[in-house]
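Take a look at the structure set out below.
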Amino acid sequence: MRKAVLITGLLSLLCAGLLWTSPAAAAQLFGRDKPKVDKTRLLTGKVMDGGDNPLPNAVVYLTNTQDHSVKTYIVGPEGTYRFPQLQPTIDYEVYAQIDKHKSHTKTVSQFDNRQQVYIDLKIDTK
């Protein structure tokens, strides 16, 4: 009889504890809710001249090939650029330009499954 009362008391405490927790916490407690993982990608790189020297103030153009929107980035003294939060299911084209000189266009493919993509862009300034 004592065991039955003890078990009933413990079960009621457990149920009361679950009622006081949020639904999200209860779902995590039972392994039903997995934490969200950032699935976006990061594109970084460097803009350089033919002698591998950084080209400050070059403009990097990133084109979304699905909706044709364009983002730009003006590089600093080290020549580095950064485009965060790219969608993994979209192809992007990237190139750099300074004055009237332009690099080759490179593609970030949706079939490339890396979360961090590094692309150097070279501009022949001669």
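Worth pointing out:
- Selection status of Thr80, of a type in the set (Ser, Thr, Tyr), at negative phi and in contact (Cβ under 8 Å) with a residue 40 or more places away in the chain: no
- Within the range 43-71, residues that are within 12 Å of Ala96 (Cβ to Cβ) have Cβ atoms under 8 Å from residues that are assigned to a loop (DSSP other than H, G, I, E, B) and of a type in the set (D, E, K, R) in these pairs: Gly45/Asp120; Lys46/Glu78; Lys46/Asp120; Val47/Asp120; Met48/Asp120; Asp49/Asp124; Pro54/Glu78; Pro56/Glu78, counting only partners at least 6 apart in sequence or on another chain.
- Filter result for Val117 (among the hydrophobic types (A, V, I, L, M, F, W, C) and closer than 11 Å to Thr44 by Cα): yes
- Considering the conditions (1) charged (D, E, K, R); (2) surrounded by fewer than 17 Cβ atoms within 10 Å (Cβ to Cβ); (3) farther than 29 Å from Asn113 by Cβ, Lys71 is excluded by exactly one of them, (3).
- Counting only residues that are loosely packed, with under 13 Cβ neighbours inside 10 Å, of a type in the set (Asp, Glu) and in contact (Cβ under 8 Å) with a residue 24 or more places away in the chain, the range 89-121 holds 1 of them.
- Asp49 vs. criteria among the charged types (D, E, K, R) and at pLDDT below 95: no
- Which listed residue is modelled with pLDDT of 95 or more and in contact with a Gly (Cβ under 9 Å, 6 or more places away or on another chain), from Thr125, Thr80: Thr80
- Any chance Val108 is modelled with pLDDT of 95 or more, out of contact with any Ser or Thr (no Cβ under 7 Å at 6 or more places or on another chain) and among the β-branched types (Val, Ile, Thr): yes
The values are calculated or read from the model by the stated rules, or taken from the named source; none is laboratory data. It should be emphasised that the depicted structure is a prediction, and the values quoted were computed from it without experimental measurement. Here the Cβ is made from the backbone with ideal geometry for all residues, glycine too, and neighbour counts use every protein chain on show.
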